[in-house]
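As structure tokens, the structure follows; a few thoughts come after it.
The values are calculated or read from the model by the stated rules, or taken from the named source; none is laboratory data. All values derive from a computational prediction rather than experimental measurement. Quick reminder, even Gly has a Cβ in these numbers, built from the backbone with ideal geometry, and neighbours come from all protein chains shown.
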Amino acid sequence: MPSESQTVPVLDKRLLKAHEAARYLGLRTDTIYKKARLRVLPSVKVGRALRFDILALDRFVEQHAVPARKS
């Protein structure tokens, strides 16, 4: 179990800006924009702004997790 200092902070909003999504996923902001443009990463258009649903980002991570090899 991760220590309290290693846990992901609880966010008080559901839609993240690109730089927040990048920080959440540990990626660069330009990578976030590229993956969204290629429709690899789920995103939401709010007017002209691009936002990232934190629940969709969590599902994305779960779906792309590589299972551990069995010994």
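Among the listed residues Leu25, Leu16, Leu55, identify the single one that is crowded, with 16+ Cβ neighbours inside 10 Å, in contact (Cβ under 8 Å) with a residue 40 or more places away in the chain and of a type outside the set (Lys, Arg).
Numbers: Leu25 fails: in contact (Cβ under 8 Å) with a residue 40 or more places away in the chain; Leu55 fails: crowded, with 16+ Cβ neighbours inside 10 Å.
Result of the check over Leu25, Leu16, Leu55: Leu16.
Lys35 passes all but one of (1) crowded, with 16+ Cβ neighbours inside 10 Å; (2) among the basic types (Lys, Arg); (3) modelled with pLDDT under 95; which number fails?
Going through the list (1) crowded, with 16+ Cβ neighbours inside 10 Å; (2) among the basic types (Lys, Arg); (3) modelled with pLDDT under 95, Lys35 breaks only (3).
On the basis of being exposed (fewer than 10 other Cβ atoms within 10 Å of the Cβ) and in a loop (DSSP other than H, G, I, E, B), does Lys70 make the cut? Give the steps one after another, and end with the answer.
Numbers: exposed (fewer than 10 other Cβ atoms within 10 Å of the Cβ): yes; in a loop (DSSP other than H, G, I, E, B): yes.
Spelling it out, Lys70 is indeed exposed (fewer than 10 other Cβ atoms within 10 Å of the Cβ) and in a loop (DSSP other than H, G, I, E, B).
Looking only at the range 23-67, how many residues end up being touching a Lys or Arg at 6+ places or on another chain (Cβ under 7 Å) and part of a strand (DSSP E or B)?
So the answer is 3.
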